[in-house]
Amino acid sequence: MKERILVVDDEKEIADLLEVYLTNDGFQVQKFYNGSEALAALMERPPDLALLDVMLPDIDGFRICQKIRENWYFPVIMLTAKVEDMDKIMGLTLGADDYITKPFNPLEVLARVKTQLRRYTRYNHPGAPVEAGPSSASPLSPEGQQNPYENEIDINGLIINKDTHTCTLYGAALNLTPIEFSILWYLCQNRGRVISSEELFEKVWGEKYLDNNNTVMAHIGRLREKLKEPARNPKFVKTVWGVGYKVE
């Protein structure tokens with residue numbers, strides 16, 4: 001079955017171009033030039049991935065992303081003509097998995113779509129391996145020794161299982177996106193070790209980390225909200241200022 005991609009962009013040339021590239025690569029495309037029609041369509045039948053323009057004539061892409069995250073966890077990629085960090089952070093905080101700044105190469109969009117779909121498919125099939133990035137090697141412990149292979153980790157009431165892709169806190173299920181799950185799993189696997197933003201990004205996203213990249217910070221913030229962590233004194237995901245993050 002062809003994977004279905006929702007494309008929402010009020011610039012007809014861009015939407016049509018994305019449709020051509022995605023269709024030629026074997027995807028089924030639903031294309032809309034405004035947010036209200038796109039919302040109505042996805043409520044009837046959610047896609048496998050959404051490409052959302054931020055600036056739309058009626059409902060902006062941030063609002064659509066927020067509506068999606070109220071019901072589903074399929075990947076969302078934001079398309080934005082704005083380059084300000086705050087716009088990118090807002091999209092990630094609301095639940096987007098990635099963003100692409102216009103103008104862009106359609107081949108880059110196609111590559112990002114495939115990456116997000118591959119990650120989503122892998123992490124949402126029980127029994128499939130949950131990997132924190134391209135490397136399959138076991139992480140190192142604080143002492144520098146390889147940790148034994150573990151399918152489930154229990155840390156003071158926070159239980160995360162990579163085979164079933166489930167996470168519970170004090171018995172209550174947490175609805176984590178694939179990226180949030182991967183971040184938390186990697187931190188829990190490396191319990192006690194400080195993980196830099198660079199390492200976390202490259203392990204989870206599988207891409208080269210660039211300076212001033214706020215993607216990790218935004219996802220850590222969203223993860224803490226789901227863990228109901230106080231910003232000043234989080235219990236699980238702690239910030240080591242100037243270094244990175246760790247789970248104790």
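Probe radius 1.4 Å, ligands and nucleic acids left out: which of 224, 193 has the largest accessible area, and how do the rest follow?
Details: 224 35, 193 60 Å².
Output order, biggest surface exposure first: 193, 224.
May I ask you to work out the translational diffusion coefficient for region 154-248 at 10 °C, viscosity 1.306 mPa s, via Stokes-Einstein with Rh from the Kirkwood sum over Cα pairs, reported in whole µm²/s? If you can, show how the numbers build up before the last one.
Values: Rh = 13.5 Å.
Once the numbers are plugged in, D ends up at 118 µm²/s.
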Practice task
Quick one: pull the percent of accessible area on region 185-235 belonging to carbon and sulfur, 1.4 Å probe, ligands and nucleic acids left out.
Solution key: 46
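As a test of reading the structure, rank 158, 107 by solvent-accessible area (1.4 Å probe, protein chains only), most first.
Details: 158 0, 107 100 Å².
The ordering from most to least exposed comes out as 107, 158.
At a temperature of 20 °C and a viscosity of 1.002 mPa s, determine how fast region 150-191 diffuses translationally according to Stokes-Einstein, using the Kirkwood radius over alpha-carbon pairs as Rh; express D in µm²/s, rounded to the nearest whole number. Working shown, then result.
Values: Rh = 10.1 Å.
D, rounded to a whole number, is 212 µm²/s.
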Problem - Surface per residue (accessible, 1.4 Å probe) for region 42-81, Å² - result: 40
Exercise for the section: Give the accessible surface of region 198-248 per residue, rounded to a whole number of Å², with probe radius 1.4 Å and ligands, DNA and RNA excluded. Expected result: 57
Problem - Backbone N within region 28-46 under 20 Å of label point (7 Å from residue 70 Cα along the Cβ vector) - result: 34-46
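Taking a 1.4 Å probe, which of 44, 108, 70, 229 shows the most accessible area, and what order do the others take after it? Please list the in-between numbers first.
Working: 44 160, 108 75, 70 110, 229 25 Å².
Greatest to least solvent exposure: 44, 70, 108, 229.
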Fill in the blank from the handout: Once all protein chains are kept in place, residue 73 shows an accessible area at probe 1.4 Å, nearest 10 Å², of 70
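For a quick check of your reading of the filter: which GluC sites (Glu not before Pro) in region 189-243 sit in a DSSP loop and have no more than 16 other Cβ atoms within 10 Å?
On the way: sites: 198, 199, 202, 207, 225; in loops: 207.
Those that pass, being in a loop and sparsely packed, are 207.
The values are calculated or read from the model by the stated rules, or taken from the named source; none is laboratory data. Since this is a predicted model, take the numbers as computed values, not measurements. Because the Cβ atoms are built from the backbone with ideal geometry, glycine has one as well, and the counts that use them run over all protein chains shown. Please note that ligands, DNA and RNA were not included when accessible areas were found on the heavy atoms of the full protein model with its side chains. Shrake-Rupley method; radii C 1.70, N 1.55, O 1.52, S 1.80 Å.
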